[in-house]
Amino acid sequence: MLKPSRYTHTAIALHWLLALGLFGTFAVGLYMHELPMSVTRLKLYNWHKWAGVTILALSFLRLAWRLTHRPPAGLPMPEGQRRAAHAAHGLLYALFFAVPLAGWAYSSASGFPVVWFGVLPLPDFVPVDRDLAELLKQVHKWLALSMAAIVLVHVAAALKHQFIDKDGLLRRMRPGAGA
Ligand code: HEM
């Protein structure tokens, strides 16, 4: 059977929804931790946590969709580039889970259990521990920064395909483009 040439509508919707969510959550994360203690800072911390947990849940959905639906056939490209793209996509998937889980664990270890959107209390899966919290804070930060670096390479590669190789790669992930 011939493979489709574009991702499914669901895969496209999840890709752009998560891209937007990750960008916003990352930007708020960088901004909020520089703020002096205030109501705004506390609100931003909560929104950052709630958005991050939502991203975690959507990432499970996305992974389940990816594992049960065939992606479109790969475009012709040198073997090295194909391998690099696969490696980057694999790392990104791993980080979509690792970054929010590290943030959640950090919050628990600091003694601030997460209550999702103020309604759903989430379990703590690490004990309250000051040293552990300090370690998890660094882990969360460096995983998030690594993810941002890989996303930049991912975007640069997509733009190279679109505008230098002109192989129509973006069409595969563009919302609303015909089959
Ligand atoms: C996938 C989504 C997430 C991204 C991209 C993200 C990204 C970031 C970034 C870039 C920072 C600033 C790090 C620094 O420069 O020190 C940060 C801080 C923080 N994040 Fe996240 N985060 C995510 C999810 C979460 C979740 C789910 C939680 C908790 C439930 C969380 C809790 C925190 C906290 C408490 C801080 C403040 C660290 C401090 O005290 O300085 N994050 N995050």
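The values are calculated or read from the model by the stated rules, or taken from the named source; none is laboratory data. In this text the structure is predicted, and so the values were computed from the model without any measurement. A quick note on method: Cβ atoms are made from the backbone with ideal geometry, for glycine too, and the neighbour counts reach across all protein chains shown.
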- Residues satisfying the stated conditions in the stretch 68-123, i.e. surrounded by fewer than 14 Cβ atoms within 10 Å (Cβ to Cβ), assigned to a helix (DSSP H, G or I) and among the β-branched types (V, I, T): T68
- Message: Would you confirm, using the coordinates I've provided, whether G29 is touching a Phe, Trp or Tyr at 6+ places or on another chain (Cβ under 8 Å), within 30 Å of I12 (Cα to Cα) and part of a helix (DSSP H, G or I)?
- Response: no
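Let's see how each residue does on (1) under 15 Å from S59 (Cα atoms); (2) among the hydrophobic types (A, V, I, L, M, F, W, C); (3) within 8 Å of the ligand (Cβ to nearest atom):
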residue: Y93; (1), (2), (3): yes, no, no
residue: V99; (1), (2), (3): yes, yes, yes
residue: S110; (1), (2), (3): no, no, yes
residue: F117; (1), (2), (3): no, yes, no
residue: L120; (1), (2), (3): no, yes, no
- Item | Single unsatisfied condition, T40 versus (1) in a helix (DSSP H, G or I); (2) in contact (Cβ under 8 Å) with a residue 24 or more places away in the chain | (2)
- Note on the structure: Checked the stretch 9-54 for anything among the charged types (D, E, K, R) and crowded, with 17+ Cβ neighbours inside 10 Å; matches are K49
- Query: Within the stretch 154-179, can you find the residues that are among the aliphatic types (A, V, I, L, M), part of a helix (DSSP H, G or I) and exposed (fewer than 13 other Cβ atoms within 10 Å of the Cβ)?
  - Reply: V155, A156, L159, I164
- Message: Test of understanding: among V155, V151, V128, which residue is of a type in the set (A, V, I, L, M), at pLDDT 95 or above and over 19 Å from L91 (Cα atoms)?
- Response: V128
- Does K141 count as among the charged types (D, E, K, R), in contact with a helix residue (DSSP H, G or I) (Cβ under 7 Å, 6 or more places away or on another chain) and within 25 Å of F23 (Cα to Cα)? no
